[in-house]
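These notes are about the structure you will find just below.
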């Protein structure tokens, strides 16, 4: 009986074990039905719906969840496939930033308006001789220099001051003829001459001869005072004094004592430095803004910071092919000779104020191909607009063309960061993936 009970217990345990095995097998089959395809197909899983994040300023910084860039601390922005981005595209010329990005990028906007722009063009300049004040004193007749009163360059000569004593046989003959004419008139020895039936008086004929002789002396350079002295003394002078016909600094001497000269030989060359030129070298891009009559000021270390003003009288028509500059000439009154030829200075050319639509200089993004400004169009969105620039002055650019209007808010600071973000997103939209 005992043996039968043990056999019955063994059969019950065997049945229970078999039932448990069947249940486990069934569970395994069901689990394999659902899980095995996913494991097998894991390499073909579509990740197109997943979103990664990257830093606009440092695109190599990427991760699979939101966060901040460890380099610049900017918020990471989502990176999506082009198909997903198509439904959210805001245009190639627009860029969106978060409030945090705007603060970090230090984006500052300014409302544009019309304003008075004063252009101040600065350029290197040098002082030169005013050619209009250069004079050359020459010999009136051939002869020999017996004595020089002005024998040094750099010496100041006043108009009417004696320059040299010249011995001239031609002038001696002319003096003798004049004295004879005077004597003849006084003695009234001229014969009566009948011309066209008219009898000229001795007095009229004598005066004509004297006047002709006197005119010849003047043509030979003798002054009225010298001729009157010759008439009073009645004696020929062996040498004749030559006087300066201009005031100024002696720049060059053409003769020395004992030298022979001909008519027209240069004795000295003088220049009046009471008026000088300042020649400024202006870049060709700025030359079209400059006109004769505009004010020009010069200053520099040699003037101890003093500012001297003059006027532009000429803009040269040629461009220097090496420096790409145009010469602009200003005329300056020079009391005390503070401006000296050869002096290097800084010129400031002031253009009269002009009423113009203007944006801050920092608002303009100059790419080389075009000039852009970013306009705040609302909802943290900024749009790049191409503009044409005019003159630059007082920290502003004149706007001469483009889709900008009075009252638009432009990005005055931080525009380059927005431009980098726009270019980066545009590149990603064309298929670039990080």
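Read-outs: derived from the displayed coordinates by stated rules, not from any lab. None of the values given here were measured: they were computed from a predicted structure. Cβ atoms come from the backbone with ideal geometry, glycine included; neighbour counts cover every protein chain shown.
Return the distance in nm (one decimal) between the two label points of a simple spin-label model at residue 337 and residue 211, each offset 7 Å from Cα along Cα→Cβ.
4.5
Between residue 257 and residue 122, how high is the FRET efficiency from 1/(1 + (r/R0)^6) when r is the Cβ-Cβ distance and R₀ = 41 Å? Nearest 0.05.
Values: r = 50 Å, r/R0 = 1.22.
It comes out at approximately 0.25.
Which residues in segment 322-346 have a backbone N closer than 18 Å to a point placed 7 Å from the Cα of residue 134 along the Cα-to-Cβ line?
It comes to 328-332, 340-343, nothing else.
If I take every Cα pair under 8 Å that is 6 or more residues apart in segment 135-271, average their sequence separation and divide by the length, what percent do I get for the relative contact order?
Values: 248 pairs, mean separation 64.5, N = 137.
Here the relative contact order equals 47 percent.
So between residue 158 and residue 420, what do we pick up on full extension, going 0.36 nm a residue minus the alpha carbon distance?
Values: separation 262, 0.36 × 262 = 94.32 nm, distance 6.93 nm.
So the chain would gain 87.4 nm between residue 158 and residue 420.
Report the calculated FRET efficiency for residue 64 and residue 285 (r = Cβ-Cβ distance, R0 = 60 Å), to the nearest 0.05. Mind dumping the intermediate values first?
Numbers: r = 51 Å, r/R0 = 0.84.
That pair, residue 64 with residue 285, gives E of 0.75.
Let me know the shape class of segment 135-271, please: from the alpha-carbon gyration tensor, a ≥ b ≥ c as square roots of the eigenvalues, rounded when a/c is under 1.5, otherwise prolate if a/b is greater than b/c, or oblate. Intermediate values should be presented prior to the final figure.
Working: a/c = 3.04, a/b = 2.70, b/c = 1.12.
It comes out prolate by the Cα gyration axes.
Compute the label zone of residue 306 within segment 322-357: residues whose backbone N is under 13 Å from the point 7 Å along Cα-to-Cβ.
Under cut-off, by backbone N: 333-340.
Between residue 318 and residue 96, what is 0.36 nm times their sequence separation minus the Cα-Cα distance? Round to one decimal in nm. Provide the component values of the computation, followed by the final result.
Values: separation 222, 0.36 × 222 = 79.92 nm, distance 4.87 nm.
The residue 318-residue 96 span can extend by a further 75.1 nm.
Using a basic spin-label model with each label point 7 Å from the Cα along Cα→Cβ, how many nm lie between residue 245 and residue 183?
3.2
For residue 405 and residue 350, what does the FRET efficiency come to when R0 = 41 Å and r is the distance between their Cβ atoms, rounded to the nearest 0.05?
On the way: r = 30 Å, r/R0 = 0.72.
Given R0 = 41 Å and the Cβ-Cβ separation, E is 0.90.
Fully extended, how many nm does the chain gain between residue 361 and residue 72 (0.36 nm per residue separation, minus their Cα-Cα distance)?
Numbers: separation 289, 0.36 × 289 = 104.04 nm, distance 2.60 nm.
That works out to 101.4 nm of additional length.
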